[in-house]
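Input: a single structure, listed below in structure tokens.
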Amino acid sequence: MRTYTVLSMGDPCGTSPEIIIKTVDALSSSKDAAIVVSGDAGIFRQTAADLSVPLPFSCFAETEDELRAAEREGERFIFFSSSEIPLRDFGYGKVIPEAGEASYRALEKAVDIIQNGLGSSLVTCPVSGASLSAAGYKEKSVHELLRIFASSDRLENMLFAGNLNIFGLTHRRSLVSAIAEVTREKIIEEIIKIDALRVSPYFDKDKPLAVGSLNPQYADGSWAGKEEAEAIIPAVDITKHLGMNVIGPIAPEYLFANGARGEYAAILVMTSVEGFAACSAAAPDETLILSWGLPFLRIGLVGDAGLSEAGRGNAGIKGMLKAVSEALRLRDSSFMA
């Protein structure tokens with residue numbers, strides 16, 4: 001039986017239906033691609049009609065038994081209906097409870113499909129926090145939802161683009177609050193977590209984990225801010241003493257250039273915004289998220305739900321094509337060991 005990659009619809013009022021339709025169509029000639037899409041069939045049909053593009057799915061399923069049968073028959077592009085929004089409520093760019101509920105159910109069912117042995121890897125589109133909130137959910141991101149659906153409290157996200165593999169010490173914080181979290185203990189804890197991931201063949205064990213400085217003036221060691229002196233330098237020294245292959249702190253003007261040349265196994269930055277900026281510059285439209293700590297491979301698109309661009313037919317698929325390509329390349333579970 002084929003090995004299937006599962007694509008989870010993001011917000012149905014955003015660009016994810018358009019992106020998924022275009023991506024599956026572009027992969028129709030690929031012999032390696034076998035995809036299950038979890039989403040709202042009515043919205044996908046409406047989007048295809050509005051954009052005058054054909055639906056590229058060879059089969060539609062509404063139950064796991066139907067999905068299992070379709071996979072046994074060797075269907076390559078299968079749509080699994082995980083919700084049904086009344087079309088009278090639908091509108092491109094709208095923030096509505098029905099959209100939040102649909103994106104929640106699409107991701108929940110995508111995880112179920114994989115955990116029930118009907119898929120091997122997951123590719124996610126961004127969800128709308130506003131729509132999820134309107135639907136009554138306190139979770140506002142794919143990351144938060146995956147923690148629930150996969151029952152994982154070890155979830156660790158990594159940005160990757162080209163040769164850059166970037167972990168962030170802090171996430172979804174204002175800059176002021178992020179800086180307050182730059183402590184020796186937190187950095188040591190994060191370095192230990194990342195070092196534990198390096199058992200995976202994904203990482204080059206001969207290359208170090210590079211830790212970035214927080215203050216841009218820190219370059220050659222002649223000057224260091226409070227965060228370097230009290231937190232980052234001691235944390236690096238302690239983890240080195242514990243036998244970990246770690247270097248730093250390294251100033252941003254050297255850190256990302258060296259990383260793009262492939263000099264590091266991975267990079268730890270103090271604020272996630274640094275990682276997003278570096279990856280976006282290194283590979284425009286192709287920055288992706290790889291989640292560690294799940295019982296399956298997950299690759300996510302970076303960005304928002306695309307509410308402002310929905311329905312125009314202009315959504316690009318470069319990122320989604322890259323995500324599916326990486327899901328195929330890394331689908332061997334040993335990469336996530």
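Any read-out appearing in this document is the output of simple, stated calculations on the displayed coordinates, not a laboratory observation. Values in this document were obtained by computation on a predicted structure and should not be read as measured data. Because the Cβ atoms are built from the backbone with ideal geometry, glycine has one as well, and the counts that use them run over all protein chains shown.
Please enumerate the residues belonging to the stretch 180-218 that are surrounded by fewer than 15 Cβ atoms within 10 Å (Cβ to Cβ), among the small types (Gly, Ala, Ser) and in contact (Cβ under 8 Å) with a residue 60 or more places away in the chain. Hit for the stretch 180-218 is Ser200, nothing else.
When Asn165 is tested against the conditions (1) assigned to a strand (DSSP E or B); (2) among the polar types (S, T, N, Q); (3) free of Cβ contacts under 8 Å to residues at least 12 places away in the same chain, the lone failure is (3).
Got at least one residue in the stretch 9-18 being farther than 21 Å from Gly306 by Cβ, touching a Phe, Trp or Tyr at 6+ places or on another chain (Cβ under 7 Å) and surrounded by 15 or more Cβ atoms within 10 Å (Cβ to Cβ)? So that I can check it myself, show each step before the final result.
Our first condition is that a residue be farther than 21 Å from Gly306 by Cβ; within the stretch 9-18, this holds for none.
The answer is no, given that none of the residues of the stretch 9-18 is farther than 21 Å from Gly306 by Cβ, touching a Phe, Trp or Tyr at 6+ places or on another chain (Cβ under 7 Å) and surrounded by 15 or more Cβ atoms within 10 Å (Cβ to Cβ).
For residues in the stretch 250-265 being aromatic (Phe, Trp, Tyr) and under 23 Å from the mean Cα position of the chain (by Cα), which is surrounded by the most Cβ atoms within 10 Å (Cβ to Cβ)? Among those residues, the one meeting the criterion is Tyr264.
A quick yes/no check of all residues on (1) of a type outside the set (D, E, K, R); (2) touching a helix residue (DSSP H, G or I) at 6+ places or on another chain (Cβ under 8 Å); (3) under 30 Å from Gly262 (Cβ atoms):
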{"site": "Asp65", "(1), (2), (3)": "no, no, no"}
{"site": "Pro86", "(1), (2), (3)": "yes, yes, no"}
{"site": "Glu139", "(1), (2), (3)": "no, yes, no"}
{"site": "Asp153", "(1), (2), (3)": "no, yes, no"}
{"site": "Glu156", "(1), (2), (3)": "no, yes, yes"}
{"site": "Arg172", "(1), (2), (3)": "no, yes, yes"}
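Considering the stretch 127-146, the residues that are more than 12 Å from the chain's Cα centre (by Cα) and aliphatic (A, V, I, L, M) include one that is surrounded by the most Cβ atoms within 10 Å (Cβ to Cβ), namely Leu132.
Go through Ser133, Ser151 for me and flag whichever is without any contact (Cβ under 8 Å) to a residue 12 or more places away in the chain and out of contact with any Leu (no Cβ under 7 Å at 6 or more places or on another chain). Walk me through how you get there before you give the answer.
Details: Ser133 fails: without any contact (Cβ under 8 Å) to a residue 12 or more places away in the chain.
Just one listed residue meets the conditions, Ser151.
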